[in-house]
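Engineer: Once you've had a glance at the structure underneath, I'll fire off some questions.
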Amino acid sequence: MLNLDVYRQAKSLQKTTNSQVVKVVYKNYKGLSLEVEPVELAVIKSSLGLMAQQQNNFLANTKNKYGY
């Protein structure tokens with residue numbers, strides 16, 4: 001069952017913090033929790049994730065096309 005209270009808390013906390021990002025994160029043995037981090041760090045993390053995803057897609061497409 002989804003705990004909507006965590007999302008409500010994140011929404012209200014995000015309204016009060018302008019220069020930070022509030023994220024709802026699932027942690028093992030703790031369930032859902034809130035994390036607050038600077039906007040710049042969140043942008044860098046998501047950019048690195050997209051770059052890694054593009055690299056993986058490129059390698060998968062190359063393997064499918066050339067079969068090595």
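Engineer: Out of 64, 3, 28, I need the residue that is in contact with a strand residue (DSSP E or B) (Cβ under 9 Å, 6 or more places away or on another chain) and at pLDDT below 85. Which one?
Structural biologist: Values: 64 fails: in contact with a strand residue (DSSP E or B) (Cβ under 9 Å, 6 or more places away or on another chain); 28 fails: in contact with a strand residue (DSSP E or B) (Cβ under 9 Å, 6 or more places away or on another chain).
It is 3.
Engineer: Looking at the range 14-27, which of its residues are of a type in the set (D, E, K, R) and either open to solvent by less than 60 Å² (accessible area, probe 1.4 Å) or in a strand (DSSP E or B) (or both)?
Structural biologist: Passing the criteria: 23, 27.
Engineer: Sticking with this structure for a sec: Could you list, ordered by first residue, the pairs with Cβ atoms under 9 Å in which the first is in the range 26-55 and within 24 Å of residue 8 (Cβ to Cβ) and the second is small (Gly, Ala, Ser), at least 6 apart or interchain?
Structural biologist: So the pair list comes out as 26/33; 27/33; 34/10; 38/19; 39/19.
Engineer: Further, regarding this structure: Condition first: open to solvent by 70 Å² or more (accessible area, probe 1.4 Å) and either in contact (Cβ under 8 Å) with a residue 24 or more places away in the chain or not hydroxyl-bearing (Ser, Thr, Tyr) (or both). Now tell me which residues in the range 4-13 satisfy that.
Structural biologist: The initial filter retains those residues of the range 4-13 that are open to solvent by 70 Å² or more (accessible area, probe 1.4 Å), namely 4-5, 7-9, 11.
If the condition is that a residue be open to solvent by 70 Å² or more (accessible area, probe 1.4 Å) and either in contact (Cβ under 8 Å) with a residue 24 or more places away in the chain or not hydroxyl-bearing (Ser, Thr, Tyr) (or both), then 4, 5, 8, 9, 11 are the ones that fit.
Engineer: Let me ask something else. Take the conditions under 11 Å from the mean Cα position of the chain (by Cα) and surrounded by 12 or more Cβ atoms within 10 Å (Cβ to Cβ) and apply them to residue 36. Does it pass?
Structural biologist: Values: under 11 Å from the mean Cα position of the chain (by Cα): no; surrounded by 12 or more Cβ atoms within 10 Å (Cβ to Cβ): yes.
For residue 36, the condition - under 11 Å from the mean Cα position of the chain (by Cα) and surrounded by 12 or more Cβ atoms within 10 Å (Cβ to Cβ) - is not met.
Rundown of residues vs (1) acidic (Asp, Glu); (2) part of a helix (DSSP H, G or I); (3) closer than 30 Å to residue 5 by Cα, yes/no style:
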residue	(1), (2), (3)
32	no, no, yes
35	yes, no, yes
40	yes, yes, yes
43	no, yes, yes
58	no, yes, no
64	no, yes, no
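Engineer: Specify the residue that is farthest from residue 19 (Cα to Cα); the eligible residues are those in the range 48-65 that are within 14 Å of the chain's Cα centre (by Cα) and small (Gly, Ala, Ser).
Structural biologist: If we take residues in the range 48-65 being within 14 Å of the chain's Cα centre (by Cα) and small (Gly, Ala, Ser), then 52 is farthest from residue 19 (Cα to Cα).
Engineer: From the list 45, 30, which one is open to solvent by 60 Å² or more (accessible area, probe 1.4 Å) and more than 14 Å from the chain's Cα centre (by Cα)?
Structural biologist: Values: 45 fails: more than 14 Å from the chain's Cα centre (by Cα).
Matching residue, one of 45, 30: 30.
The values are calculated or read from the model by the stated rules, or taken from the named source; none is laboratory data. Quick caveat, the model's predicted, so the values are computed rather than measured. Heads up, the Cβs are rebuilt from the backbone with ideal geometry, glycines too, and the neighbour counts pull from every protein chain shown. Accessible surface is based on the protein model in full, side chains and every heavy atom, while ligands, DNA and RNA are left aside. Shrake-Rupley method; radii C 1.70, N 1.55, O 1.52, S 1.80 Å.
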